[in-house]
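Here is the structure we will look at, set down as structure tokens.
The values are calculated or read from the model by the stated rules, or taken from the named source; none is laboratory data. The structure displayed is predicted, hence computed values, not measured ones. Reconstructed Cβ throughout: ideal geometry from the backbone, glycine too, with neighbour counts over all protein chains shown.
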Amino acid sequence: MLNGIHYTRFQALSMKYGNLAIQLFYSGSLLLLTTFAMANTSDDEIDACVVREVPINIIDTYDFFYQTPNKTLQVIRDPDTLHAFSDNARMVGRIDFNTQLALYAHMGVQPSGGYYMTITAVEDKCHYLEVRVENQQPGAGCVTTQALTYPHQLVTIPKPSGPKPVLFKEVFSKESCL
């Protein structure tokens with residue numbers, strides 16, 4: 001815990017085997033293995049990888065009146081998948097799936113207001129995309145809406161040049177209201 005924020009700790013192990021890169025991410029009970037082919041890539045080229053921030057375009061952020069009760073972190077690559085999360089044609093029309101990827105973060109049903117789930121940053125880490133998701137809940141003494149809420153956010157990013165795995169990294173915090 002750092003300044004009241006709980007960080008999901010990821011340990012990463014990376015290696016190169018021939019023309020195959022292997023990355024293993026471990027966080028508590030989560031284990032993620034990613035592999036990807038690297039054609040004619042030298043060790044110097046791997047070390048020269050530059051991490052860059054990817055621009056985010058917010059499409060939809062709501063707290064109320066959403067259907068799914070389950071927590072979801074999802075990459076949406078086509079309109080049909082987006083329709084599974086929302087039948088709102090306004091959202092579908094704002095995304096060009098030829099040039100964009102959609103990222104969807106949904107906290108699931110919450111007992112009151114004051115809960116937020118926000119995609120705050122996306123970084124291109126050469127062989128994968130890392131999406132930072134902040135989860136905030138109300139602290140003691142916070143005045144909140146006394147109704148079920150469904151905090152979620154839908155954003156778009158430019159489509160990467162090639163297929164890349166997406167890793168969601170969550171950060172947890174509690175609002176101080178005293």
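General observations
- Residue identified as touching a helix residue (DSSP H, G or I) at 6+ places or on another chain (Cβ under 8 Å) and under 17 Å from Thr61 (Cα atoms) among Tyr150, Tyr115, Tyr104: Tyr104
- Tally of residues being hydroxyl-bearing (Ser, Thr, Tyr), assigned to a loop (DSSP other than H, G, I, E, B) and modelled with pLDDT of 90 or more across region 77-115: 3
- The single condition from (1) at pLDDT below 80; (2) in contact with an Asp or Glu (Cβ under 7 Å, 6 or more places away or on another chain); (3) part of a loop (DSSP other than H, G, I, E, B) that Thr41 fails is (2).
- Selection from region 116-141 of residues that are closer than 16 Å to Pro158 by Cα, part of a strand (DSSP E or B), hydrophobic (A, V, I, L, M, F, W, C) and in contact (Cβ under 8 Å) with a residue 60 or more places away in the chain: Ile119, Ala121, Val122, Leu129
- Within region 151-161, considering residues that are under 15 Å from the mean Cα position of the chain (by Cα) and of a type in the set (S, T, N, Q), the one modelled with the highest pLDDT: Thr156
- Selected residue (only one of Lys164, Lys169 is under 19 Å from the mean Cα position of the chain (by Cα), touching a residue at least 12 places away in the same chain (Cβ under 8 Å), within 21 Å of Asn57 (Cα to Cα) and not in a loop (DSSP other than H, G, I, E, B)): Lys169
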